[in-house]
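To start, the structure itself, in structure tokens.
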Amino acid sequence: MDLHGITREQKQLAAAVSMLLFIISLFLKWQTFGPISGSGADLGSWPLVLLIALAAGGIMAADALGMDLPLRRLNPTAVATYLMSLLVFYVLVFLFAIDGIAYGVWLALIFSVVGLLLTFSVYREETR
Amino acid sequence: MSRFGALERTEILAAVLGGLWCGSLFLPWFAGAGPDGDLTGAGVIDSWWLPLVLVAVASGLQLLDALSIDGFGALPVPAISTFLMPAGLLYTGLFLLAGDELMYGAWTALGLSAAAVVFSAMAWIIDRRG
């Protein structure tokens, strides 16, 4: 498989899809403790993370589709990379803290890291 | 005349604010929520050390960059610190949104982390302008 053949737009759209999958993973099982289980959306702060993921994915999708973003002098890819790094940080905070980790946390980690790597790859191409 | 330029002064300020945020983790954040009374920012979750390490690294780098004569050479300290510093703001914001009966420690942490992020970004902007 030749990863170098992937275009910039394909990477951006894949990053946007990763954010969508990250949002879905928020509603999957994050913790099981005996008969009790909880999702990422049971954490009180999940709307903040949802907004960050929507913004990061939306920026990537809009940029891939050639839409003008009202970010003035800010580089849209840099902003999206930054936001996705916050998502990775968020998942890591709970990964290190939760007892009885379930598959939802691992999926959230995978999708946030994949999104970050794809976006960072686009950013590196732009700044090279 | 001060031996520090605008970049160094801003970096020192951001580093001090970041250091104070690390200290504010040990102030009471939530009233009556802990086993022995009030709950501190470090008692909220077991992974409290993760944002502490990130903010401490960001603050330490900025302080060393400001105080050393040649800085860190090729290492873009203001950019790295601007990238790491929001970890404290996000950590504080997450628990402010989720918690009830907030105490002064939580608001202090919010103010300090927000100010540290602003001054780190200012240092980065000054550094980019040269």
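The values are calculated or read from the model by the stated rules, or taken from the named source; none is laboratory data. Source: prediction; values computed, not measured. When we count neighbours, we look across all protein chains shown, and the Cβ atoms used for this are built from the backbone with ideal geometry, even at glycine. The protein model used for the area step is the full one, side chains on, heavy atoms only, and it has no ligands, DNA or RNA in it. Shrake-Rupley method; radii C 1.70, N 1.55, O 1.52, S 1.80 Å.
Select from the range B:43-65 the residues that are surrounded by 18 or more Cβ atoms within 10 Å (Cβ to Cβ), modelled with pLDDT of 90 or more and under 17 Å from A:Leu92 (Cα atoms) and list them in ascending order.
Correct list: B:Trp48, B:Leu50, B:Pro51, B:Leu52, B:Leu54, B:Val55.
Go through B:Phe30, B:Phe83, B:Phe95 for me and flag whichever is within 14 Å of chain A (Cβ to nearest Cβ), within 28 Å of A:Ala41 (Cα to Cα), part of a helix (DSSP H, G or I) and touching a strand residue (DSSP E or B) at 6+ places or on another chain (Cβ under 9 Å).
Numbers: B:Phe30 fails: part of a helix (DSSP H, G or I); B:Phe83 fails: touching a strand residue (DSSP E or B) at 6+ places or on another chain (Cβ under 9 Å).
Of B:Phe30, B:Phe83, B:Phe95, the one residue that is within 14 Å of chain A (Cβ to nearest Cβ), within 28 Å of A:Ala41 (Cα to Cα), part of a helix (DSSP H, G or I) and touching a strand residue (DSSP E or B) at 6+ places or on another chain (Cβ under 9 Å) is B:Phe95.
Which condition breaks for A:Ala80 when tested against (1) in contact with a helix residue (DSSP H, G or I) (Cβ under 7 Å, 6 or more places away or on another chain); (2) more than 10 Å from every other protein chain (Cβ to nearest Cβ); (3) more than 20 Å from A:Phe27 (Cβ to Cβ); (4) free of Cβ contacts under 8 Å to residues at least 40 places away in the same chain?
Every listed condition holds for A:Ala80 apart from (4).
For the structure I just gave you, tell me whether A:Leu92 is among the hydrophobic types (A, V, I, L, M, F, W, C), open to solvent by 40 Å² or more (accessible area, probe 1.4 Å) and free of Cβ contacts under 8 Å to residues at least 24 places away in the same chain.
Numbers: among the hydrophobic types (A, V, I, L, M, F, W, C): yes; open to solvent by 40 Å² or more (accessible area, probe 1.4 Å): yes; free of Cβ contacts under 8 Å to residues at least 24 places away in the same chain: yes.
When the stated conditions are applied, A:Leu92 passes them.
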